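Student: If you scroll down you'll find the structure; I have some questions about it.
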Amino acid sequence: MDISAYKTKGSIYNKHMLTLADYSVNEIYEIILTAIKLKQKQHAGKKHAYLKNKTLAMIFSKSSTRTRVSFEQGIKQLGGSALVLQQGDIQLGRGETVRDTALVLNRYGIDGIMIRTFKQSDVEELAKYSNCPVINGLTDEYHPCQVLADLMTVYEHFGKLEGLKMAYFGDGNNMAHSLMLGGAKVGMEVVVCSPEGYKPNEEIVATAAKSGKVWVTSDPEEAIRDCNVIYTDVFFSMGQDKSPEKVNALMPYQVNEELMAKAAKDAVFMHCLPAHRGEEVSEGVIDGVQSIVFEEAENRLHAQKAVMYLLMKNK
Ligand code: CP
Ligand code: NVA
């Protein structure tokens with residue numbers, strides 16, 4: 001079913017958000033359309049308290065600007081509150097287990113947990129023992145919240161999702177994985193264009209390919225053809241050591257004016273941010289007329305408000 005024909009139901013109660021592979025296309029539509037409604041309310045200055053007295057705990061083992069601010073501001077705008085738990089401030093950072101952390105948080109009336117960390121298995125472990133929804137705020141393998149905001153942004157821009165072609169250039173990282181998983185579900189064609197040695201995880205590619213048209217190439221010419229959405233991300237993700245070899249391998253995959261000129265006429269440029277101008281993207285492209293990166297960053301707020309609302313509200 002096309003997103004325009006989908007009617008929202010108002011709840012995805014008590015479900016974790018771990019990868020997006022665990023979400024149906026209708027659940028993804030539910031989040032995007034709810035996010036658009038919440039955005040309209042916010043822009044019209046309409047106040048509401050759908051999550052009055054609800055608390056979101058946010059565990060951070062990596063840095064963040066967008067995820068941190070949009071979740072904290074988002075829960076406040078929904079009438080709830082946030083507890084920010086930086087790894088260095090809590091016992092998890094000194095070796096307390098994820099399981100014990102979950103079992104303790106279960107005793108304090110927490111209604112949702114957002115976690116940004118390294119290992120996906122830690123997020124899964126937290127979800128296993130938590131008595132409330134766990135939301136993956138980025139791991140080495142996935143970034144589902146970013147992709148929900150991205151799909152919302154694409155839908156707002158083009159008025160559709162199905163049939164659009166997205167090409168991701170660069171490191172086959174967490175963003176590449178989640179874009180494949182989410183994009184394929186909503187009927188987009190997703191191609192990841194990376195050099196040998198930096199391709200996405202084959203198992204994740206295979207999982208994504210079960211729900212739609214997903215492929216991997218090393219040829220930018222092939223990837224960019226008739227492309228509507230051009231996406232890239234940093235050469236070095238958080239926790240990765242910098243190396244000149246990787247820079248050399250990825251530079252030919254830079255999104256620049258020359259590459260953009262080969263895409264569809266109405267193509268847009270997207271990036272999850274933070275960006276490194278002159279590395280994965282040229283200044284002219286990210287700051288140019290085809291770039292929608294700041295709309296995309298704003299939509300983190302609305303998409304995550306929708307996730308929290310749908311997952312954490314009372315039945
Ligand atoms: N895109 C994104 O997740 O940004 P932060 O690392 O600033 O949260
Ligand atoms: N791939 C990047 C995304 C940051 C939002 C990282 O993991 O650092």
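Student: Would the range 66-74 turn up any residue that is outside any helix (DSSP H, G or I) and not small (Gly, Ala, Ser)?
Tutor: Here is the first cut: in the range 66-74, the ones outside any helix (DSSP H, G or I) are none.
No, the range 66-74 has no match at all.
Student: Still on this structure, I have one more. Which of the numbered conditions does residue 91 fail, given that it passes all the others? Conditions: (1) among the polar types (S, T, N, Q); (2) farther than 30 Å from residue 275 by Cα; (3) buried (at least 16 other Cβ atoms within 10 Å of the Cβ).
Tutor: (3)
Student: Give just the number: which of (1) within 14 Å of residue 138 (Cα to Cα); (2) surrounded by fewer than 16 Cβ atoms within 10 Å (Cβ to Cβ) does residue 52 not satisfy?
Tutor: So residue 52 meets the others, but not (1).
Student: Can you work out which of the residues in the range 217-269 that are of a type in the set (Ser, Thr, Tyr) and surrounded by fewer than 18 Cβ atoms within 10 Å (Cβ to Cβ) is farthest from the chain's Cα centre (by Cα)? Before you say what the answer is, go through the steps one by one.
Tutor: Pass one, the range 217-269, residues of a type in the set (Ser, Thr, Tyr): 217-218, 231-232, 237, 243, 253.
Narrowing the set further to residues that are surrounded by fewer than 18 Cβ atoms within 10 Å (Cβ to Cβ) leaves 217-218, 237, 243.
Working: 217: 22, 218: 24, 237: 14, 243: 26 Å.
Restricting to residues being of a type in the set (Ser, Thr, Tyr) and surrounded by fewer than 18 Cβ atoms within 10 Å (Cβ to Cβ), the top hit is 243.
Student: Find the residue count for the range 222-240, including only residues that are in a strand (DSSP E or B) and of a type outside the set (A, V, I, L, M, F, W, C).
Tutor: Residues in the range 222-240 being in a strand (DSSP E or B) and of a type outside the set (A, V, I, L, M, F, W, C): 2 in total.
Student: With respect to residue 307, determine if the residue is within 19 Å of the chain's Cα centre (by Cα), surrounded by 15 or more Cβ atoms within 10 Å (Cβ to Cβ) and without any contact (Cβ under 8 Å) to a residue 40 or more places away in the chain.
Tutor: It is false that residue 307 is within 19 Å of the chain's Cα centre (by Cα), surrounded by 15 or more Cβ atoms within 10 Å (Cβ to Cβ) and without any contact (Cβ under 8 Å) to a residue 40 or more places away in the chain.
Student: Of everything in the range 227-245, what is more than 8 Å from ligand 2 (Cβ to nearest atom) and either in contact (Cβ under 8 Å) with a residue 24 or more places away in the chain or within 30 Å of residue 163 (Cβ to Cβ) (or both)? Give them in sequence order.
Tutor: Correct list: 227, 228, 229, 230, 231, 232, 235.
Student: Follow-up. Starting from the range 272-295, keep only residues that are among the aliphatic types (A, V, I, L, M) and in a loop (DSSP other than H, G, I, E, B), then list their pairs with residues that are away from ligand 2 (no atom under 13 Å from the Cβ) and at pLDDT 95 or above whose Cβ atoms are within a distance under 8 Å, requiring at least 6 positions of separation or different chains.
Tutor: 275/281; 275/286; 292/153; 292/157; 292/268; 292/269
Student: Answer yes if at least one residue in the range 58-77 is over 30 Å from residue 184 (Cβ atoms), more than 16 Å from ligand 1 (Cβ to nearest atom) and without any contact (Cβ under 8 Å) to a residue 60 or more places away in the chain, and no otherwise.
Tutor: Yes, there is a match, as at least one residue in the range 58-77 is over 30 Å from residue 184 (Cβ atoms), more than 16 Å from ligand 1 (Cβ to nearest atom) and without any contact (Cβ under 8 Å) to a residue 60 or more places away in the chain.
Student: Name the one entry in 280, 257, 245 that is modelled with pLDDT of 95 or more and within 14 Å of ligand 1 (Cβ to nearest atom).
Tutor: Step by step, each of 280, 257, 245 is checked, and only 280 is modelled with pLDDT of 95 or more and within 14 Å of ligand 1 (Cβ to nearest atom).
Student: Condition check: at pLDDT 95 or above, on the phi < 0 side of the Ramachandran plot and within 16 Å of ligand 2 (Cβ to nearest atom). Does residue 221 satisfy that?
Tutor: no
Student: Of everything in the range 56-90, what is of a type in the set (Gly, Ala, Ser), within 13 Å of ligand 2 (Cβ to nearest atom) and within 19 Å of residue 127 (Cα to Cα)? Give them in sequence order.
Tutor: If we filter the range 56-90 for residues that are of a type in the set (Gly, Ala, Ser), which is where we start, we get 57, 61, 63-64, 70, 74, 79-82, 88.
Keeping just the survivors that are within 13 Å of ligand 2 (Cβ to nearest atom) gives 61, 63-64, 70.
The one that is of a type in the set (Gly, Ala, Ser), within 13 Å of ligand 2 (Cβ to nearest atom) and within 19 Å of residue 127 (Cα to Cα): 61.
Student: If you check residue 314 against the conditions, is it surrounded by fewer than 20 Cβ atoms within 10 Å (Cβ to Cβ), in a loop (DSSP other than H, G, I, E, B) and free of Cβ contacts under 8 Å to residues at least 12 places away in the same chain?
Tutor: Yes; evaluated as a whole, the condition is true for this residue.
Student: Restricting attention to the range 1-57, and to residues there that are of a type in the set (Lys, Arg) and assigned to a helix (DSSP H, G or I), which single residue is nearest to residue 295 (Cα to Cα)?
Tutor: Within the range 1-57, the match that is nearest to residue 295 (Cα to Cα) is 39.
Student: Contact list please: Cβ distance under 7 Å, first residue in the range 112-133 and in contact (Cβ under 8 Å) with a residue 12 or more places away in the chain, second residue basic (Lys, Arg), pairs at least six apart or on different chains.
Tutor: 116/62; 117/62; 125/99; 129/99; 133/15
Student: Test each condition in (1) within 30 Å of residue 57 (Cα to Cα); (2) away from ligand 2 (no atom under 15 Å from the Cβ) for residue 265 and report the one that comes out false.
Tutor: Condition not satisfied by residue 265: (1).
The values are calculated or read from the model by the stated rules, or taken from the named source; none is laboratory data. These numbers were taken from a predicted model, which means no experiment stands behind them. All Cβ positions, even for glycine, are placed from backbone atoms using ideal geometry, and neighbour counts span all protein chains on display.
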